[in-house]
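The next block holds one structure in the form of structure tokens; read it before the comments.
Derivation of every value follows stated rules applied to the coordinates shown; laboratory data play no part. Owing to the predicted nature of the structure, the values given are computational and were not obtained by experimental measurement. With ideal geometry, Cβ positions are generated from the backbone for all residues, glycine too; neighbour counts draw on all protein chains shown.
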Amino acid sequence: MSDKVRIGIIGVGTIGSVHANNYAKVENAEVVALCDILPDRLAEKAKTHEVAKTYADYNDLLADPEIDAVSVCVPNNMHAPIAIAALNAGKHVMLEKPMTLSAELGKQIIAARDAAGKQLQMGMVWRQKPSARLIKEVIENGRLGEIYQIRVKLIRRRGIPGLGGWFTTKAQSGGGGLIDIAVHFLDLVMWLSDKWNPTKVSAKTYSKFGSPIKDYHYVSMWAGPPKADGVFDVDDYAAGMVRFGAETTLSFEVAWACNAKDECYVELLGDKGGIKMDLEADPVLCTEFDNRIADITLQYDKKDEGFADELRKFCNAVQGKGEVPATGEQGVVAMKLLDAIYKSSELNCEVDV
Ligand SMILES: NC(=O)c1ccc[n+]([C@@H]2O[C@H](COP(=O)([O-])OP(=O)(O)OC[C@H]3O[C@@H](n4cnc5c(N)ncnc54)[C@H](O)[C@@H]3O)[C@@H](O)[C@H]2O)c1
């Protein structure tokens with residue numbers, strides 16, 4: 001192997017470009033090939049990122065012996081087939097979130113990883129945020145004590161991405177806001193608290209704003225513009241409660257769209273302290289100090305190189321210089337949780353994870 005990990009990026013839409021830009025910051029990475037089914041986009045991105053080799057078919061990229069590893073940056077329904085094909089072809093895999101469409105498919109990806117003996121990393125970039133790493137340290141130092149309640153709140157007033165496109169078409173995305181954005185935060189809190197044993201879920205998902213597409217009023221749209229003749233058959237709001245055995249509960253609310261102000265935070269409550277990771281504010285440790293109620297605002301370096309950090313860790317793992325920071329096994333736990341949330345909603349009762 002050369003001293004740099006030679007990368008192929010499969011899918012060069014929004015996040016594929018983010019990967020290309022951030023591999024450029026990683027000393028031991030070199031993007032050597034791009035792949036996309038859209039020829040114009042592929043040509044444009046090859047020019048922008050100065051990558052010589054392009055492939056219209058991912059199977060051809062996977063057959064290229066000059067590629068060590070791939071970033072899989074395609075719509076969710078293609079995660080499992082491409083990740084499995086890549087591992088079977090002997091490539092290491094950096095797989096964007098959500099892992100795939102179900103825990104069952106996730107287990108198939110892990111089986112392919114084990115058979116190939118290659119690295120598999122989940123794209124859980126929120127874990128790399130400076131505030132997340134700080135809070136992880138605070139928790140590991142015992143400042144929260146026993147964590148018994150976790151809150152996840154992720155509210156967009158009108159934030160459905162690419163309305164009518166693949167994000168809102170269940171066959172391609174596997175679901176709406178829940179699988180798209182809640183997956184980041186459910187993973188984040190399980191990682192922060194080191195609780196990977198969700199046992200029961202009671203939840204409900206709703207679809208209130210995405211359809212009919214022509215009636216959706218919004219200010220701006222990620223992955224837009226809306227396709228008036230497209231599909232919206234997924235959730236745009238979900239709420240529920242998860243039990244981790246008898247010790248810990250997690251309440252969550254996630255909306256691509258709802259009639260409430262935007263909010264985005266996770267909060268962990270322990271018997272010694274509580275802490276909130278809020279996009280809009282510094283973390284505050286709510287605790288007691290010298291027998292008094294005390295709020296400690298934590299100062300830290302806010303420089304966020306999350307994507308570069310996660311891709312650097314991936315390349316280091318490929319070169320045997322560390323472990324992947326987000327494993328396939330953790331990806332499967334997150335998928336099990338999502339499966340159970342959708343099932344609970346469908347059955348209108350609490351279900352086992
Ligand atoms: N980590 C994050 O914060 C983050 C952010 C955005 C998206 N994502 C994830 O990244 C993935 C892609 O999202 P996006 O926003 O970049 O979507 P996108 O639509 O902008 O890009 C997807 C690209 O994949 C291409 N593609 C589709 N099928 C293909 C195939 N068979 N072979 C090769 N290329 C193919 C499409 O033509 C498109 O260019 C999704 O799974 C999404 O959940 C992660």
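See the values below:
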{"read-out": "Whole-Å distance, taken between Cα centres, linking region 128-143 and region 1-69", "value": "33"}
{"read-out": "Whole-Hz ³J(HN,Hα) from phi, Karplus 6.51 cos²θ - 1.76 cosθ + 1.60, for region 270-285, glycine and proline x", "value": "x, 7, 9, x, x, 9, 10, 9, 10, 4, 9, 8, 5, x, 10, 8"}
{"read-out": "Given charges at beta-carbon only (K, R positive; D, E negative), |dipole| of the chain in Debye", "value": "260"}
{"read-out": "Listed residue pairs exceeding 26 Å between alpha carbons, taken from Lys107/Lys170; Lys129/Lys208; Lys47/Lys214", "value": "Lys129/Lys208; Lys47/Lys214"}
{"read-out": "The chain - mean residue ellipticity at 222 nm from DSSP helices (-39,500 (n - 2.57) per run, n ≥ 4, rounded to 500)", "value": "-9000 deg cm²/dmol"}
{"read-out": "HN-Hα J in Hz across region 313-326 - Karplus 6.51, -1.76, 1.60, θ = phi - 60°, x for Gly and Pro", "value": "5, 4, 5, 4, 5, 4, 8, x, 10, x, 9, 5, x, 9"}
{"read-out": "Counting all C-alpha pairs of region 1-62, share separated by more than 19 Å (%)", "value": "22"}
{"read-out": "Under-5 Å amide H pairs with Ala257, H placed in peptide plane, nonlocal only", "value": "Arg156, Gly159"}
{"read-out": "Amide H contacts under 5 Å for Lys200, placed H, 5+ residues apart", "value": "Arg243, Gly245, Val353"}
{"read-out": "Euclidean distance between Cα centres, region 165-217 to region 269-327, Å", "value": "23"}
{"read-out": "Sequence ranges 182-188, 39-45, ranked by mean other-Cβ count within 10 angstrom, highest first", "value": "182-188, 39-45"}
{"read-out": "Overall dimensions of region 115-268 as given by Cα atoms, namely Rg and Dmax in Å", "value": "17.2, 53"}
{"read-out": "Only Lys, Arg (+1) and Asp, Glu (-1) charged, at Cβ; region 1-139 dipole about Cα centre in debye", "value": "540"}
{"read-out": "Span per principal axis, largest first, for the Cα atoms of region 216-311 (Å)", "value": "63, 37, 30"}
{"read-out": "Rg [Å, one decimal], Dmax [Å, integer] - the chain, C-alpha atoms", "value": "20.5, 66"}
{"read-out": "Amide H contacts under 5 Å for Ala326, placed H, 5+ residues apart", "value": "Met122"}
{"read-out": "Cα lying deepest toward the dipole's positive end in region 188-310, options Thr248, Trp222, Gly210, charges on Cβ", "value": "Gly210"}
{"read-out": "Note, ³J(HN,Hα) from phi for region 327-344, Karplus 6.51, -1.76, 1.60, rounded to Hz, x at Gly and Pro", "value": "8, x, 4, 5, x, 5, 4, 4, 5, 4, 5, 5, 4, 5, 4, 5, 5, 4"}
{"read-out": "Alpha carbon convex hull of region 77-198, projected area averaged over orientations, nm²", "value": "9.2"}
